[in-house]
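Let me begin by presenting the structure, written as structure tokens, before commenting on it.
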Amino acid sequence: MSSATHETHNQHISQQFNQNLSELRNHFLEMGGLVQRQITDSVDALINSDTDLADSVNKTEKRVDDMERMIDEECTQIIARRQPAASDLRLVLSTVKMIADLERIGDEADKIAKMAIRLSDDGKAPRGYIEVRHISKHVSQMVNGALDSFARFDANMALDIIREDKTVDAEYGSAIR
């Protein structure tokens, strides 16, 4: 989006509406940061057989779930009370969709952490999975880029991230083989 579009999110007659949108945006970015940390920590826990780190990922999952519900409620309240139009409505509706995606990413990181605990408890903890580390780093960079593009309202950056998804899918397919 252009900077003119970005400015429309900050110029409302109601200062409270501005504050609502700003809080929504900040909460979304906070949730994204938690999920990004989950990705990194879950893979580190898997690779290093670190059950304490895996446990912390599991605990963070509850916070991510709570944040999803809170942000969804914020979006509902904004729609009900403010009846946003045009770019503000797109912002709110896209946030609803994105928090669901972030929550699913967090769920996958949680599954990796649980697998790390099971493998460690069974004495089968993996060491040095180069592919896993590489793919997780790539995914983490994509999440970071997606959050950055949201923070900047940069549609071109978001499109670049979408294109990267095919690369990650190919890397995953290769690693599975």
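In whole percent, and with a 1.4 Å probe on the protein chains, what portion of the accessible area of the chain is carbon and sulfur?
Numbers: 5410 of 10360 Å².
Solvent-exposed carbon and sulfur of the chain make up 52 percent of the total.
Where only protein heavy atoms count, and the probe is 1.4 Å, what is the accessible area per residue for the chain in Å²? Please report the intermediate quantities before stating the final value.
Values: 10360 Å² over 177 residues.
Accessible surface, normalised per residue, equals 59 Å².
Using 25 Å as the Cα-Cα cut-off, could you pick out the over-long pairs in 97/166; 114/166; 62/124?
Details: 97/166 20 Å; 114/166 27 Å; 62/124 27 Å.
Cα-Cα > 25 Å for 114/166; 62/124; rest within.
Please state, to two decimals, what the Cα-based radius of gyration of segment 40-95 comes to when divided by 2.2 N^0.38 Å (N = residues). Provide the component values of the computation, followed by the final result.
Numbers: Rg = 17.3 Å, N = 56, 2.2 N^0.38 = 10.2 Å.
Compactness ratio reported: 1.71.
Please give every one of the aspartates and glutamates within straight-line cross-link reach of residue 59, meaning a C-alpha to C-alpha distance under 13 Å, and leave out same-chain neighbours fewer than 8 residues apart.
Those aspartates and glutamates meeting the cut-off are 41, 107, 110.
Mind checking the full-extension length gain between residue 83 and residue 96? Use 0.36 nm per residue of separation minus the Cα-Cα distance, one decimal, nm.
Details: separation 13, 0.36 × 13 = 4.68 nm, distance 1.54 nm.
Here the answer is 3.1 nm.
Calculate for the chain the 222 nm mean residue ellipticity that helices alone would give, adding -39,500 (n - 2.57) per DSSP H run of length 4 or more and normalising by residue count, nearest 500 deg cm²/dmol. Don't jump to the answer; show the numbers that get you there.
Details: 6 runs with 153 residues, N = 177.
Helix-only estimate at 222 nm: -30500 deg cm²/dmol.
Label residue 160 and residue 30 with points 7 Å out from Cα along Cα→Cβ: what is the distance between them in nm?
So the two model labels end up 2.9 nm from each other.
Percentage of Cα-Cα pair distances in segment 96-173 greater than 15 Å, rounded to whole percent?
66 percent
Taking the convex hull of the alpha carbon atoms in the chain, what volume per residue do you get, in Å³? Don't jump to the answer; show the numbers that get you there.
Values: hull volume 17.8 nm³, N = 177.
Convex hull volume per residue, Cα atoms: 100 Å³.
I'd like to compare 99-111, 152-164: which one has the highest average count of other Cβ atoms within 10 Å, and what's the full order after that? Display every interim value, and only then the final one.
On the way: 99-111: 18.8, 152-164: 13.8.
Descending mean neighbour count gives 99-111, 152-164.
Would you list 29, 34 from the most to the least accessible area, probe 1.4 Å? List each step's numbers first, then the result.
Values: 29 50, 34 25 Å².
Listed by decreasing accessible area, they come as 29, 34.
The values are calculated or read from the model by the stated rules, or taken from the named source; none is laboratory data. Note that the structure is a prediction, hence the values are computed from the model and not measured. In this analysis, Cβ positions are derived from the backbone assuming ideal geometry, glycine residues included, and neighbour counts consider all displayed protein chains. Just the protein is used for accessible areas: all its heavy atoms, side chains included, with ligands, DNA and RNA removed. Shrake-Rupley method; radii C 1.70, N 1.55, O 1.52, S 1.80 Å.
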